[in-house]
1. Does the range A:90-115 hold any residues that are in a loop (DSSP other than H, G, I, E, B) and without any contact (Cβ under 8 Å) to a residue 40 or more places away in the chain, and which are they?
2. Hey, can you tell me all the residues within the range A:13-22 that are more than 13 Å from the chain's Cα centre (by Cα), in contact (Cβ under 8 Å) with a residue 24 or more places away in the chain and either under 18 Å from residue A:141 (Cα atoms) or not assigned by TED's automatic domain parsing to the domain that holds residue A:192 (or both)?
3. Taking the range A:62-89 as the region of interest, how many residues are in a strand (DSSP E or B) and within 7 Å of chain B (Cβ to nearest Cβ)?
4. Filter the range A:35-56 for residues that are within 10 Å of chain B (Cβ to nearest Cβ) and in contact with a strand residue (DSSP E or B) (Cβ under 8 Å, 6 or more places away or on another chain); which is surrounded by the fewest Cβ atoms within 10 Å (Cβ to Cβ)?
5. Of the numbered conditions (1) under 21 Å from the mean Cα position of the chain (by Cα); (2) surrounded by fewer than 16 Cβ atoms within 10 Å (Cβ to Cβ); (3) away from chain A (no Cβ under 14 Å), residue B:45 satisfies every one except a single condition; which is it?
6. Can you give me the number of residues within the range A:129-147 that are within 19 Å of residue A:181 (Cβ to Cβ) and assigned to a helix (DSSP H, G or I)?
7. Please work out which residue is surrounded by the most Cβ atoms within 10 Å (Cβ to Cβ), limiting yourself to the range A:192-232 and to residues that are within 23 Å of the chain's Cα centre (by Cα), farther than 15 Å from residue A:246 by Cα and touching a residue at least 12 places away in the same chain (Cβ under 8 Å).
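The values are calculated or read from the model by the stated rules, or taken from the named source; none is laboratory data. Quantities reported herein were computed from a predicted structural model and do not represent experimental measurements. Here the Cβ positions follow ideal geometry from the backbone for every residue, glycine too, while neighbour counts run over all protein chains shown.
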């Protein structure tokens, strides 16, 4: 990590996004006292992660990307054991039903699927009723349905007044879930804001995609007000525009020339476009 | 604090009981071996002394149980905990990471005691074992022995990056000790150069001490053994504390 600086407000969902190896886990480890930074200053809930490790770990919950439990530990035993670490004795049933693990209560850890293990670790991060929940690559390896239910769970945590700090390499996840995101690449923060303003300030709002006959010179569209650039991609013509009023101009022109349109649609810019623009590279899974 | 320690120890113990191979090699295998050798040699007193094979073998097999749990079980379980990130998960909760290791040691200690009780029961009820020692002294020697061998096992447990490498290192330490220290075969049967070599193995001192006390000796008659075991305990825990890797 190289000189990163960030500030997370109470009650928000804050995400750090970036490709694998960008330094997301390292950043999180430093914040939750799992690793000591070479230099710099960190304060979490007014506590110093290195000097007040125990006090800090009582107030935060952590779901780590790569961790396991002993193969033959049962799900309910794990919940009971970890809740005892926080000095509370907890009935496992409530938290397990919240994470859809009720019917796995008596299962061994080794018998759980990848998604179920992930949900169990989220459950363990919540047993101490933390003020901040740290979730590292919460949904990697999950199927689309489990991803959505995880998103609902995270929003539910925010509704309960908890702060959520998460990391992900899925741009769409960061865009839909986070109140604010920091995009990191090679150990540096390249941008930090709400997803909407990042998209507004770093990417074009809309791309108009269409299939048009080669007889039509697509360059003509460059003269329409609001059009930024026109190019071909995968046999399709893509027109980047600043706002939706330019779309009207494009349609007008095409109708005037009686151009036969195939597959005309618009695409909104996403956080991924912002990432591509800022780092000049694609995210690889 | 105490409740957390108690719950962790109990959990580790339950997990151990659910793992049939560890269970077999620490509790059942030494018992089977002792029964086998006992059925061959019986327990009639050797010529000129007041003890027979079993009276001599029970403390030796107790040494074998101490080595199996202190070296094999400890190394493999801690190395597996490290490799799988289980230690990392514990470290992210508000307990002291040392509590996890203490609980692991404690649950292994309980297992060692169980193994000892099984051997004693078989010795007494099957072979009519004789015991000439002083019980508090034997208990002290047993605790010192368990501590020193666990401390020795903590060295590879601290360093092995994977469960597999932990297993290999543990095997390299365990088997020579098992065969040469007198745990399985009486040390007197060894040729003299191996007998000399066996003096560098901590388990040899465990077995000499336990056998000596068993047959009526006293702690102060074994200063060398006690000094070696205390030294191994201190050295093992110091090295482990310096080198232990959580991830």
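1. Correct list: A:90, A:91, A:101, A:105, A:106, A:107, A:112, A:113.
2. Listed by number, the list is empty, since nothing qualifies.
3. 1
4. A:55
5. Residue B:45 satisfies every listed condition except (1).
6. Qualifying residue count, the range A:129-147: 1.
7. Filtering first and then ranking leaves A:198.
Let's see how each residue does on (1) within 14 Å of another protein chain (Cβ to nearest Cβ); (2) more than 22 Å from the chain's Cα centre (by Cα):
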| position | (1), (2) |
| --- | --- |
| B:90 | yes, yes |
| B:99 | yes, no |
| B:104 | yes, no |
| B:125 | no, yes |
| B:140 | no, no |
